[in-house]
1. What are the residues whose amide H is under 5 Å from the amide H of HIS231, where those residues sit 5 or more places off or on another chain and H is modelled from the backbone?
2. Find out how many positive minus negative residues lie around THR296, taking Lys and Arg as positive, Asp and Glu as negative, among other residues whose Cβ is under 13 Å from that of THR296.
3. How much mean residue ellipticity at 222 nm does the chain get from its helices, if each DSSP H run of length 4 or more adds -39500 (n - 2.57) and you divide by all residues, to the nearest 500 deg cm²/dmol?
4. What is the Å³ per residue value for the convex hull set by the Cα atoms of region 273-397?
5. Based only on the alpha carbon positions, what is the Kirkwood hydrodynamic radius of region 68-141, in angstrom?
6. Which pairs in the list LYS12/LYS429; LYS263/LYS482; LYS440/LYS482 are over 28 Å apart, alpha-carbon to alpha-carbon?
7. Taking the Cα centre as origin and putting +1 on Lys and Arg beta-carbons and -1 on Asp and Glu beta-carbons, what dipole magnitude results for region 273-397, to the nearest 20 debye?
8. Dividing the convex hull volume of the alpha carbon atoms of the chain by its residue count, what do you get in Å³ per residue?
Amino acid sequence: MANLLYEDYDLKYPGDFRISEVALSSPYGGVAGITSNISSINIYEDIDQNCLTGDITFTDTANLVVNLPIIGNEYLNFKIRTPMESQYGEGEYDFTNVPMAVFNVSQRLRLNSYTQTVTLEFCSPELIRNQSVRVSRAFEGPYDDAVAKIFKKSWGLNSKKKIYIQPTKHNHKFVAPNRRPMDVIQMLANRAVPKTSVLPGYRFYENGQGFHFRSIDSFYFVVTTAGLQQHPNMFEYFCDTMDAKGSVNVRDNPKSAMRFVDKYSFTHLPDLIASHRTGAYANKTISHDSYNKTITTSKFNYIEDYNQIPHMEKDSIDEGEFVINYRGLIPKAHYDPTDLELADTNSPGRTAYKMISDYSDARVMLTSNTAKIHNTNSDSGNRSNEYTGKRQSANTIINSVQMNMTVPGNTHLNIGHMIKVNIPRSGSKKDDTLTSQNDKMFSGRWLITAIRHNFDMARNEPMHKMVITCSKETYAKHLADKRGLLQLPVADEGKAVNIYDRSEYN
């Protein structure tokens, strides 16, 4: 590997990678090149974490711990990438313009009289900066403008990195209450409503391309002059058996071999009780306006609101007509066989009886929506009654179906990217078509929400593996409507009984 140029695009085998010289810089001015001594590098991305983190393990044969010295305040400067071209641009982790900050010496293990291994934990320098300063000032205008200022200004994170921001709707006055910068940005993420899309659930995170402040539905679709356009799949994976992988010569065609998954497992599937309690399928928002002395109640119904929200799987066009299919995570049918009350709804084309999403008392949220709080044009307050229910559902649904896949490393993939995953179904009667071989419920588009990159440099042939955590917020298969009652016989086993005298309660 030492003889390969960093700029080389010749992928030798699945998991092949290129790395530049790794420089470890001391705050005292010393610099040490440690590339040839590195055992492994791990880099972590997570859509629920604000910054990149990682760790590096190397063999110390020159007593760098004392001579440099290494005390946990150093900086790491390097680049690392998969030597493969992509139509979506250069995919690499480049820590040369802004080095990564070492914040902990997590391990020193003595091997012999002359050698020890050292593990350093590192992170983006913005995470260190975040522990050092606080923001206490007023902002006026859209929330995205406040995020840009907090991220770039010297009184905030003072970051030199790129940040990609999705514009937010409405003008607000907001006072940051002496909190750390990232905590303030997270407060804004919890309130922000996108200007160019629908779903009011924002994420603030960093991946290999920079920082991002964007809504959940912007991962699925992009708004263009022609309307909503589906984001392309960045890569396609096949969760086939090792027998199927044998049909691909990894040396002759390493790019094709990279599409096969080493192993996969579902780590989370829909949990009805947990999702119901968190308001994923039905919730109620009670908003009070202290200025106008009013209380407003708003209900969110997952099934009835389904077609008003962009989803991961795109609907099809049949014979020139756009067909909207329901692929939600709960059945579009009468749910409780003992509850025969009619649902409070005028929505056409559905059962008259209660579905899971009709029980809005599953989660009740109280919010303030006071108007004119700053004597400005905020006549409608922060509009919490309009968006709280959708936001609560979106933030829960995104984690309802999750899967982990161990795959050959690919630095072109980042959290926030869409991928296509082909998952084999169980059972017999399969033919040569993917639709017959694949699981129709879970195959399809998935959102990458976390990645752990492992660069193993201690092997004769260095290997890059990564564990991808991906989420799916709908099934791939259309779920049929059922308008009648749930035909499930339930027998009444009698009244409540007093345990002492066996009398029955009325």
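1. Result for HIS231 returns PHE221, VAL222.
2. Values: positive: LYS284, LYS293, LYS299, ARG383; negative: ASP289, GLU386.
Counting the neighbours of THR296, the net charge comes to +2.
3. Values: 9 runs with 61 residues, N = 506.
Result for the chain: -3000 deg cm²/dmol, rounded to the nearest 500.
4. On the way: hull volume 18.4 nm³, N = 125.
That works out to 147 Å³ per residue.
5. Values: mean 1/r = 0.0634 Å⁻¹.
Kirkwood hydrodynamic radius for region 68-141: 15.8 Å.
6. Working: LYS12/LYS429 37 Å; LYS263/LYS482 37 Å; LYS440/LYS482 20 Å.
Beyond 28 Å: LYS12/LYS429; LYS263/LYS482.
7. Numbers: 14 positive and 16 negative charges, 126 e Å.
The dipole of region 273-397 has a size of about 600 debye.
8. Values: hull volume 126.6 nm³, N = 506.
Convex hull of Cα atoms, per residue: 250 Å³.
No value in this document is a laboratory result; all are computed from the given coordinates. Computed from a predicted structure; not experimentally measured. Reconstructed Cβ throughout: ideal geometry from the backbone, glycine too, with neighbour counts over all protein chains shown.
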